[in-house]
Structure formats: C-alpha cells, structure tokens
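The values are calculated or read from the model by the stated rules, or taken from the named source; none is laboratory data. Since this is a predicted model, take the numbers as computed values, not measurements. Reconstructed Cβ throughout: ideal geometry from the backbone, glycine too, with neighbour counts over all protein chains shown. Remember, those area values only see protein heavy atoms, side chains included, never the ligands or the DNA or RNA. Shrake-Rupley method; radii C 1.70, N 1.55, O 1.52, S 1.80 Å.
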Amino acid sequence: MATVTSTRPYHIIIFGASGFTGQFVVEEVARSAFEGPSGSLKWALAGRSRHRLEGVLNQAAETLRKPELRTEVEIIVADVSQADSLAIMCQQGLVVLNCVGPYRFYGEPVVKACIENGAHCVDICGEPQFLERMQLEYHSRAMDSGVYVIGSCGFDSIPADMGILYTKNQFKGTLTAVESFLTIHTGPEGGCAHDGTWQSAIYGFADSGSLRKLRKKFGHQPLPVVGATVKKRYWGSLFFSKEIDQYAIPFMGSDPSVVRRSQRFLYEGHQELPVQYSAYVGVGGVWSLIKMFCGGLLFWFLGKFGLGKKLLITVCVQNGYYSSSLLCQMEGTSFSLTFFGEGYAEGLDPSQGRPNARICTQIHGAEPGYVATPVAMVQAAITVLNEPQFLPIKGGVYSPGAAFARTTLIDRLNRHGLVFSVKRF
C-alpha cells in the first residue's frame, strides 16, 4: 500500500472539475495558487472528458483573466467507474479534491484509490451515512498509509465544526453547550442549488433508517454530558426563535453528525471535554412557514419510495428549481451561522449548579453552495499541504474539526471571506 510522498508532480488534483461545483473549485484554486508550499501550487484537473475539462480551463482563464491557465494547468482523464484510471490519477497528486457526487454512489472508489495510492482526500460531502461509513470501513487502512481522508470540507460542515472550536476557544471558562442557527440571506431572485446537491438531500433523507444501524457498528459509548443537560427547546419540529426573530426547525444536514464525530475525537484522543450541540435553521415568518410545510410534506412522502425519489429529482430539475444548466443568481446571497454557547466561568466546577456564563459568536460568508464551499474546500487542502505537523499524528478518516483543530484554518478562512467573530459575551 502506497504512502504519501512529496515527489509527486502535483500538489492538488481536482477530480470532477467539469461538474457544476467543480468549476467553481477550479477558479478558487487558481485564485489561491500563491498560497501553496513555497508560495506556489502545482495543480491539475481530472475527470472523464478531456474536452469538457479544457472548456473549464478556458472559462476560468477568461473569468479570472489568467490566460496562462490554458498552458500551465494539465489535465488527467479519470473515471470513477475505472479503478485503474483512479489509481493513475492518485499516484500523481498529494491531495485529491473530490467534487464528484452524490458521494453515496460515487465517493467510495475515490477514497479507496487515494488510500491505496498515497494521496490525501478532501471532499465536500454532506451525507452523514457516507461520511460515517467511510470512517468505519477505511479509518484503519488510512492510518496505515499515512493518508488523511477529510470529508465535509464545504459549507457542509466546516462552518459548524470549526465554529464550535472557535466558540470554545473564545469562551473564558468551560463551554458545555452550543446551539447554532443558520440564516440564509437571499437576493431578489432567491437562493439556488444544483441538482447534485438536491439528489444528495433526497437520498440522505430516505436512508435515515440505515444510518442508525450503521452507528451501532461503531460500538461507541455515549459521550459524557458536562454541566447541565440541555433540553430540547422546540415543540415537535418547529419553534419561534427569539435569538434570530423568526421560526426555526432542526437542521437536517450533516452538521450535527460531523460535530459529534469531532467532539468524540477530541475527547477520546486529547481528553477535551465534549460540548453538547444542537443545530437549527431559520425558515422566516408565517408565509415562509406555510410554504416550507407544504414542500416538506411532499418531500417526506415522495422521499420514502423509489418512484417518488425519481419524481423529486426529475420534476424539480426539469422545471428549473435545481438547475444544472443555468448559473443561479448567487450575487446578493449570503449566510450567517450564529452560535449561542453557555458554560461555567473560569474557576467554577461544571458539575455544580447551572451554567453562569454565555457567549455568542457568528460566521458570515457569501453564497454558501458555490462561493463559500469552494473557499472552504481549497483552504482545507492548502492547510493539509502547509501544516502537516499540526494534523493528527497518523492518517485516518477525519471530520474537519478533528483534522484541523490545531491548524490555522480559521485564520485562512477569515482572509477569504468566511468571517468568524464574537458578537457578545
């Protein structure tokens, strides 16, 4: 089994570069090339079609006014269904940025090829079942190879995972519990999502039952509860949040799963007390609530059946709700992720009494799917390249918080528009 070596021709290989998200990652790598080791970054594109990859390079060269991209960036032809092509790709790079989703269908061959051929793997998966299964099945193999497989390095779930660590570091005392509230601020044409993102959400919801079975295989003991137990503060699945002045629901994405994995790693590996975490998303006022309820009911019903899943994918894409052919209106869209933490002031015993100290932090950034996600992914990869001494001692399959807790990733994100700040204590 191969191990990582610095003698490879490329620092970064973007696999799936001609896909919808991959095109934005290409542009972000081009912008950040000066941040590579020794001030430069050697990189390449990979995918099934050389012609399409050449088109992506031409588009990036035109958009960024960097004509040199057409000749300086090389192309590797690789197909997720052809193991030999993946092996050849992985043998040429230090870090593979895997942009090919849904990951439940296409992600495992890339993870396997990276581990077997000594390339670190970074993805932007927001599918808890895939992320946790990769940890269960490949963590030991990745450790043996010295390969870091770091999932969910996009909007799912770097802001949440690194935000918890940031809040903990800013808190003066023992932080014991955090609630996060996601708010999306859209422009006049509303938000947008690509059909690959939509497919991931549909299949992730449909497989929630199998995720519970998967988790039993880990054999984990429950994490200890430090301080007062945080009670669920919503009735059913909906409540009005005074903190963000709108209705909110539990966040159904990968953030809670990813944060729990990081908290477990830091507790078991570094004896850091775990933080209780709950994630919510704002849904607006009454009219937004009605629309969400109707859409959610339809999503819940159709997502339970094979034919229903196909209808959700086909109808929504064909009608342009989740378009892969048109660039959605992203300008004017942004997000804020606000963390409300509580704990015990310095010198106080968390086992005694109620929490007596609070903190509020926030991460603000541009459009989450195709602006913030490429930034987070690329900065994660650059951190792997530049700060290997601050990663976990051995390779393995890690969440972002576990991998980057002792790196300068938060500082890097701040410089690239994902701004972490303390709002109040």
Among (1) at pLDDT below 90; (2) under 21 Å from LEU136 (Cβ atoms); (3) aliphatic (A, V, I, L, M), where does LEU266 come up short? (1)
Which of the residues that make up the stretch 176-223 are under 27 Å from THR338 (Cα atoms), at pLDDT 90 or above and in contact with a helix residue (DSSP H, G or I) (Cβ under 8 Å, 6 or more places away or on another chain)? VAL178, SER180, ILE184, LEU223
Note on the stretch 103-126: residues of a type in the set (A, V, I, L, M, F, W, C) and either part of a loop (DSSP other than H, G, I, E, B) or within 17 Å of VAL397 (Cβ to Cβ) (or both) are VAL110, VAL111, ALA113, CYS114, ILE115, ALA119, CYS121, VAL122, ILE124, CYS125
Between GLU108, GLU72, which is within 27 Å of SER40 (Cβ to Cβ) and open to solvent by 10 Å² or more (accessible area, probe 1.4 Å)? GLU72
Out of GLY126, GLY146, report the one residue that is open to solvent by 10 Å² or more (accessible area, probe 1.4 Å) and modelled with pLDDT under 95. GLY126
Among the residues of the stretch 79-102, count how many are in a helix (DSSP H, G or I), open to solvent by less than 40 Å² (accessible area, probe 1.4 Å) and either touching a residue at least 24 places away in the same chain (Cβ under 8 Å) or at positive phi (or both). 4
Return yes or no: is GLY173 surrounded by fewer than 23 Cβ atoms within 10 Å (Cβ to Cβ), at pLDDT below 95 and over 22 Å from GLN379 (Cβ atoms)? no
Out of the residues in the stretch 17-44 that are over 21 Å from the mean Cα position of the chain (by Cα) and outside any helix (DSSP H, G or I), which is surrounded by the most Cβ atoms within 10 Å (Cβ to Cβ)? TRP43
Taking CYS360 and the conditions (1) modelled with pLDDT of 95 or more; (2) closer than 30 Å to ARG31 by Cα, which numbered condition does it fall short on, given that it satisfies the others? (2)
Breaking point among (1) open to solvent by 10 Å² or more (accessible area, probe 1.4 Å); (2) aromatic (Phe, Trp, Tyr); (3) modelled with pLDDT of 95 or more, for TYR344: (1)
Listed residues GLN329, GLN318; which is of a type outside the set (A, V, I, L, M, F, W, C), over 24 Å from the mean Cα position of the chain (by Cα) and either at pLDDT below 60 or surrounded by 15 or more Cβ atoms within 10 Å (Cβ to Cβ) (or both)? GLN318
Is it fair to say GLU62 is out of contact with any strand residue (DSSP E or B) (no Cβ under 9 Å at 6 or more places or on another chain) and assigned to a helix (DSSP H, G or I)? yes
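Which residues, counting only those in the stretch 397-411, are part of a helix (DSSP H, G or I), in contact (Cβ under 8 Å) with a residue 60 or more places away in the chain and either among the hydroxyl-bearing types (Ser, Thr, Tyr) or under 23 Å from GLU28 (Cα atoms) (or both)?
The answer is PRO400, GLY401, ALA403, PHE404, LEU409, ILE410.
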Condition met for LEU273 (surrounded by 12 or more Cβ atoms within 10 Å (Cβ to Cβ), over 25 Å from HIS416 (Cβ atoms), modelled with pLDDT of 90 or more and touching a helix residue (DSSP H, G or I) at 6+ places or on another chain (Cβ under 9 Å)): yes
Name the single residue, out of those in the stretch 383-399 being buried (at least 22 other Cβ atoms within 10 Å of the Cβ) and of a type in the set (A, V, I, L, M, F, W, C), that is farthest from THR7 (Cα to Cα). VAL397
If you go through the stretch 95-113 one residue at a time, how many are closer than 25 Å to GLY369 by Cα and modelled with pLDDT of 95 or more? 12
